[in-house]
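One structure is given below, encoded as structure tokens.
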Amino acid sequence: MAAYNESMFIRRTTRKYKGEEFENYLLVESVRTAAGPRQKTIASLGDLRPRPREAWLELAHKVERSLAGEADLLAPPDPEAENVARRVRDRKPRRDASHVRVRKLKAGDGHAIVLCHSAERVAKDRAIREKAEGRLLKDLKALEARVADGKLKAPGRIWETIGRLRERHARVARYYDIKFDDKKGALAWSRDDVKLKVAEELDGTYIIKTDRDDLSAEEAWRTYMLLTRVENAFRDLKSPLSERPIFHRLETRVQSHIFLCVLAYHLLNAIELTLRRSGESVSWETVKGELSTHQVATVVLPTTDGAVLRIRRDCSPESRHLDLYRRLEIGQRVMEPRRSWTETAGNEKRAAEQM
């Protein structure tokens, strides 16, 4: 299921054919890959020149919300955005609300229960169960080998180990009947295929419970899916902003650390939003990596009388640096040049002079 995170934007392209130049506008999505952020073309929108340039980003976000099934419930629908979203769905299947079936039930205690089934979640649930089942079988075979080799003889200890395996692999142990024959000293297990078939039929299903009985099943599901935006925020706090680990003993210091991280997260969002509005959809990690090459250097110039002149200044920005600074509407100078003298005799330093 997709969630709206403002990762789409519209990019203008031009091409020449038989000496004539044609303009085309692409709906592009910024995606995370193993090689870093990349741009994926969702659809060609044709010529958007009648629409003002400042409205392109708004159109892209409305299309993205519509494709993700998270359109604003209070705002009136945008016919043009809905038309573009319909064209995208017709051209290429997309993970949206149409692949999730929902049904609302009354809980009877002032709450409502929404039954959800996601077609894309079926394979994920099955893979998780099969992986857990493989781990259980591996531990059962290891226990069987210990019993056969005589390393574990006491029946009480064997049943205790079986109980621990059931607790450790509770997800799949319910489908297995594990027995130990005290007389033969043999461990055996069998799978209940009837219970397993019921579990397979429930793959991809989950339940949402809410006290908002006024919401429809689809509205409750859309609201629930907004949690993915919160999860993305925590992921950014833990990775690019490095909130964890926190090594503080005093509660006030922990709160100050988290407060600064949240403040930095707002700055991160402001940077990415400013770049998206200018037509550049890149992540903070990419921006940080590209700007890290615009460095500050110290030039050391020894003189004939033994004194040393040190000049601290930024390097000349490259074209990519200038482009990012322009989009972020900040100056291209990292710092003003500073110079300082160091005397050899007595190791005395002159006061720094601003150039």
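Under 20 Å from a point placed 7 Å out from the Cα of His117 along the Cα-to-Cβ direction: which residues of the range 200-224 have their backbone N that close?
Counting backbone N atoms under 20 Å from the label point, the list is 200-209, 217-222.
Full extension from Arg249 to Ser44: what is 0.36 nm times the residue separation minus their Cα-Cα distance, to one decimal in nm?
Computed gain between Arg249 and Ser44 is 68.3 nm.
Using 29 Å as the Cα-Cα cut-off, could you pick out the over-long pairs in Lys62/Lys131; Lys124/Lys195; Lys141/Lys238; Lys153/Lys195; Lys106/Lys238?
Beyond 29 Å between Cα atoms: Lys62/Lys131; Lys141/Lys238; Lys153/Lys195; Lys106/Lys238.
Compare the peptides 295-307, 123-135, 168-180, 16-28 by average per-residue count of other Cβ atoms within 10 angstrom and give them in order, highest first.
Packing order, densest peptide first, comes out as 168-180, 123-135, 16-28, 295-307.
Between Phe22 and Leu260, what length comes free when the chain is fully extended (0.36 nm per residue of separation minus the Cα-Cα distance, one decimal in nm)?
Values: separation 238, 0.36 × 238 = 85.68 nm, distance 4.83 nm.
Gain on extension, Phe22 to Leu260, equals 80.9 nm.
No value in this document is a laboratory result; all are computed from the given coordinates. These figures come from a predicted structure and were not determined experimentally. Using ideal geometry, Cβ is built from the backbone for each residue, glycine included, and neighbour counts are taken over all protein chains shown.
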